[in-house]
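Everything below concerns the one structure shown next.
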Amino acid sequence: MHGIIGKRIIGTVTAVLTAVCAMTAALPASRAAYKQEEYLTWSQLDERWGQTPMDSTTVRSSGCLITSLAIMIMDSGSLDDAAMKNLKIEKAEDFNPGVLANGYTDIGGFGSGGYIKSWLDIQKLVPSVKWGYDSNLKSVESKIKVTETNADGEEVTKEVVDKTKVAAEVQSLISKGWYLIARVNTAYGGWHWVYIRGVSGDDIYMSDPASTNPLLYEVYPDGLQGEYWALNGKNPPRSDYTPPEQFQPYVEIEIVTPPKTVYNYGEEIDLSACVVKRKGKNYIGDEWEDEPVLLTEAENIEHSVYFEPNYAGDYTLSIWTETDYYEYGSTTLTLTVSQPVGEYYLTNGCKSAVYSSELGGDPIMTIGDGCALTVTECVGKLGHIKSDTFTGWADVSRMTRLISSSQREKGDIDNDGYVDKYDLAQLNIYLKEKDSLPDGISMLTAAETEAADINSDGKVDEADLVALLEAIQ
């Protein structure tokens, strides 16, 4: 048997290596997630052992077979004390495909290009694993006709493998006590080996060194190529296979300590105090949680925000992350640049609510067109109106901010260069609304009030109205 295996592999090794190396980088990826033991998801591409040498190649490039064998060793309970001693490890947790590859290297078990010279060598490393034989499944030649609808909406009939017969043959071999490592038909050509875990109905479940999806036909629609290698392990395989539970892996970001979210007008953004952490469920069903970390120092969490400190409004801080198994998680936080302090007035028929606190809530009053006020601080869009007899928070986001105001002549309230009936009308409106508005809200701006105080006694009243009438006449 040894000689037959050696001749067969040596005769095909050059073609196989070329095909496997070209195929490995393009093997189908899957986002399917199933609750399963971690070793059942071992990948030849794993950075922990992917660069382990196999003669002139590596586990990453050509290690589908060695990875499948490592999984079989674990699944059969064959990693005993004798095996760990031969593999130079102290505990089972240290075992992986890279360790097995190193073991083969130590006994000269790899030929040129990384092929296994003799399957009998496995017993030198893991005595409880016994080589059985190399054969082909007869059932893969069985075809059935199926009718499908193509992309053009036309019904087409084609021949496909009879999955029922293939499943029955594989199940029969497992029931006889054989562990199977089999070749699959890939869309990329070449040789690719997987470990067969069990059968459920017509479905064949596998551990694929290139995918975490255990459903063979989902990853390889054309199924098994036919060739398989049969081995015995310390424990017999389970003939009554239970498929793994499918679930949705995820990752999410929690903002443990938020950054400053409300900024004064002109104040630069500051994210230095923001603390975040990631948590989720990985591709084998284990829940995990990272330690909290400063957002600005996180290596696996990204963030971005467009923030203009001199433009009042809300800005969105976006925070996101991606895991090694391609799950994406994100969250957002609103940052607000408050309105600038200063003098505001309403025009063009606009109205604005006034609240009792910066938290908003139910308005205590509504002010309308022509009203003017001065705010001494702003929180977001609300500006603080404060006087000796009144305090409130007005929504100044819909108001016009008075940037500057030129000096006006007494009586020229509207600053048009004339003291006339229009100034008289404006003063009349002020006096009419004066008693209905709280202190701090007026129908005149500060500059207009100064121009309306014609007698310069520090207040605007009926005496100024009389003085304005006299000036006009």
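The values are calculated or read from the model by the stated rules, or taken from the named source; none is laboratory data. This structure is a prediction, so every number in the text was calculated from the model and none was measured. Cβ placement follows ideal geometry from the backbone for every residue including glycine, while neighbour counts extend to all protein chains displayed.
Quick look at the numbers
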read-out: Residue among Y355, Y418 that is outside the structural domain of A471 (by TED's automatic domain parsing) and either surrounded by 16 or more Cβ atoms within 10 Å (Cβ to Cβ) or closer than 26 Å to I454 by Cα (or both); value: Y355
read-out: Matching residues in region 232-286 - criterion: being more than 21 Å from T212 (Cβ to Cβ), basic (K, R) and part of a loop (DSSP other than H, G, I, E, B); value: K234, K260
read-out: Candidate set: region 62-84, residues that are free of Cβ contacts under 8 Å to residues at least 60 places away in the same chain and within 26 Å of S211 (Cβ to Cβ); chosen: the one surrounded by the most Cβ atoms within 10 Å (Cβ to Cβ); value: A70
read-out: Neighbours by Cβ (under 7 Å, 6+ apart or cross-chain): first from region 196-220, closer than 14 Å to A168 by Cα; second part of a strand (DSSP E or B) and charged (D, E, K, R); value: Y205/R197
read-out: Qualifying positions in region 194-215 - in contact with a strand residue (DSSP E or B) (Cβ under 9 Å, 6 or more places away or on another chain) and outside any strand (DSSP E or B); value: P209, A210, T212, N213, P214
read-out: Looking only at region 32-59, and only at residues there that are touching a Pro at 6+ places or on another chain (Cβ under 7 Å) and assigned to a loop (DSSP other than H, G, I, E, B), the one that is surrounded by the fewest Cβ atoms within 10 Å (Cβ to Cβ); value: K35
read-out: Hey, K421 under 30 Å from D461 (Cβ atoms), out of contact with any helix residue (DSSP H, G or I) (no Cβ under 9 Å at 6 or more places or on another chain) and among the charged types (D, E, K, R) or not; value: no
read-out: Residues within region 216-225 that are surrounded by fewer than 21 Cβ atoms within 10 Å (Cβ to Cβ) and under 25 Å from the mean Cα position of the chain (by Cα), tallied; value: 1
read-out: Single match in E148, E169, E141, E159 (criterion: charged (D, E, K, R), within 40 Å of the chain's Cα centre (by Cα) and in the same structural domain as Y217 (by TED's automatic domain parsing)); value: E148
read-out: Which listed residue, of P243, P237, P209, is over 21 Å from S135 (Cα atoms) and crowded, with 19+ Cβ neighbours inside 10 Å; value: P209
read-out: Any hit, region 432-443, residues being of a type outside the set (F, W, Y), over 60 Å from the mean Cα position of the chain (by Cα), surrounded by fewer than 17 Cβ atoms within 10 Å (Cβ to Cβ) and not assigned by TED's automatic domain parsing to the domain that holds G392; value: yes
read-out: All positions within region 287-312 that are surrounded by 11 or more Cβ atoms within 10 Å (Cβ to Cβ) and touching a residue at least 40 places away in the same chain (Cβ under 8 Å); value: I301, P309, A312
read-out: Residue, nearest to D290 (Cα to Cα), within region 251-272, restricted to residues that are hydroxyl-bearing (S, T, Y) and loosely packed, with under 15 Cβ neighbours inside 10 Å; value: T257
read-out: Cross-chain or 6+ apart pairs with Cβ under 6 Å, region 323-334 first and among the small types (G, A, S), then surrounded by fewer than 17 Cβ atoms within 10 Å (Cβ to Cβ); value: G329/E252; S330/W320
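To keep it simple, each residue is scored yes or no on (1) at positive phi; (2) among the charged types (D, E, K, R).
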site	(1), (2)
G370	yes, no
T374	no, no
R398	no, yes
I413	no, no
D420	no, yes
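Matching residues to (1) outside the structural domain of E38 (by TED's automatic domain parsing); (2) surrounded by fewer than 18 Cβ atoms within 10 Å (Cβ to Cβ); (3) at pLDDT 95 or above; (4) more than 26 Å from E37 (Cβ to Cβ):
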{"position": "N86", "(1), (2), (3), (4)": "no, yes, yes, no"}
{"position": "I89", "(1), (2), (3), (4)": "no, yes, yes, no"}
{"position": "D94", "(1), (2), (3), (4)": "no, yes, yes, no"}
{"position": "P97", "(1), (2), (3), (4)": "no, no, yes, no"}
{"position": "A101", "(1), (2), (3), (4)": "no, no, yes, no"}
{"position": "I107", "(1), (2), (3), (4)": "no, yes, yes, yes"}
{"position": "Y115", "(1), (2), (3), (4)": "no, no, no, yes"}
{"position": "W119", "(1), (2), (3), (4)": "no, no, no, no"}
{"position": "V126", "(1), (2), (3), (4)": "no, no, yes, no"}
